[in-house]
Amino acid sequence: MALKKNTDRQNRLYRFEDFSQALSVFENSKESEQTRLEALEYISSHKEISSILKILSRKFQTNDVSDHIYINCAFAAFAQKPRREEDFDKMFEMLQSDNAYLRNAAIKFVQEYGKEAKVFIEKLMNSDDRDIRIFAINILGDVNYDESIDMMRYFITKEEDLNALMTAVDYLGEIGSCEDIPLLVAVKDQYKHEPYVTFGIDLAIDKLKEEVC
């Protein structure tokens with residue numbers, strides 16, 4: 001939850017002498033929630049996004065409900081979307097966090113990028129980690145811009161893990177067009193001995209025929 005932005009709050013931020021002091025206050029669980037939120041907003045106004053993400057990953061390694069307010073505040077306080085390589089690297093690491101709430105906050109944040117997330121999503125799609133690739137497809141399926149469908153099609157042509165492949169097939173059945181049916185048929189032929197694949201592709205094709213063809 002971001003703090004209400006008004007003159008009084010802006011003035012209160014200056015009671016921190018520097019970043020180190022604000023960080024010390026934020027990481028002190030004995031401080032009040034309000035004071036820690038003020039410290040976090042001070043940090044957000046003085047540090048690059050990658051630094052803030054690093055702090056969040058270090059501080060919130062496990063999912064504690066009382067920490068959610070700080071995670072929400074941090075993501076709401078970003079003045080701009082990450083664009084630097086360091087920002088994307090830290091966001092990538094966050095998607096592998098054991099803290100499900102932190103991980104989901106990062107996913108939601110990326111989903112709101114729109115087409116600006118293309119480079120980052122492509123990096124996720126090329127990860128060696130199957131689960132990260134599935135994360136990428138889930139994000140790609142929720143963003144809405146022209147190239148997202150082409151990226152989904154390309155992923156389907158090269159993906160070898162069946163779980164990741166079928167995640168993409170399911171989404172293509174929702175956001176694709178009649179032109180995608182030949183691609184799906186080709187994949188079905190490639191995996192004709194995999195009942196899970198053929199069944200899922202038949203569902204995707206039927207959905208396309210019902211909705212857009």
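Just K123, K108, K158 to compare: in a GNM of the chain, with alpha carbon springs under 10 Å, which one fluctuates most?
Taking springs between Cα atoms under 10 Å, the residue moving most is K158.
What do you get when you divide the Cα radius of gyration of the chain by 2.2 N^0.38 Å, with N the number of residues? Working shown, then result.
Working: Rg = 21.1 Å, N = 213, 2.2 N^0.38 = 16.9 Å.
So the Cα radius of gyration is 1.25 times the expected 2.2 N^0.38 Å.
Using 1/(1 + (r/R0)^6) with R0 = 41 angstrom and r between the beta carbons of D142 and E17, what's the FRET efficiency to the nearest 0.05?
Values: r = 42 Å, r/R0 = 1.03.
Once the sixth-power term is evaluated, E becomes 0.45.
Per the chain: cysteines with no other Cys C-beta under 4.7 angstrom?
C73
As I understand it, the value is the acute angle between the Cα axis of helix 195-211 and the longest principal axis of the Cα atoms of the chain; what does it come to in degrees, rounded to 10?
It works out to around 90 degrees.
Enter the angle in degrees (range 0 to 90, nearest 10) between the Cα long axis of helix 162-175 and the first principal axis of the Cα atoms of the chain, meaning the one along which they spread out most.
Helix 162-175 sits at roughly 90 degrees to that axis.
To the nearest 10 degrees, how steeply does helix 146-158 sit against the main Cα axis of the chain, on a 0 to 90 scale?
Roughly 60 degrees, rounded to the nearest 10.
FRET efficiency for R153 and R58, Cβ-Cβ distance as r, R0 = 25 Å, nearest 0.05?
Here the calculated transfer efficiency is 0.05.
Would you work out which of L140, F199, L165 lies farthest towards the positive end of the dipole of the range 135-213, given +1 charges on the beta-carbon of Lys and Arg and -1 on that of Asp and Glu, about the Cα centre?
F199
I'm a student and want to see the number: the projected area of the Cα convex hull of the range 129-213, averaged over all directions, in nm². Working shown, then result.
Values: hull surface 19.9 nm².
Hull-based average projected area comes out at 5.0 nm².
A 18 angstrom limit on the alpha carbon distance is what I want to check against. Which of K123/K158; K108/K158; K158/K209; K90/K118; K30/K59; K188/K209 exceed it? Could you put the intermediate results ahead of the total?
On the way: K123/K158 15 Å; K108/K158 26 Å; K158/K209 24 Å; K90/K118 16 Å; K30/K59 14 Å; K188/K209 16 Å.
Where the Cα-Cα span goes over 18 Å, the pairs concerned are K108/K158; K158/K209.
The numbers here are math on the coordinates, done by the rules we state, and not lab data. Keep in mind the model is a prediction, meaning the values are calculated, not measured. Neighbour counts run over all protein chains shown; Cβ positions are idealised from the backbone, glycine included.
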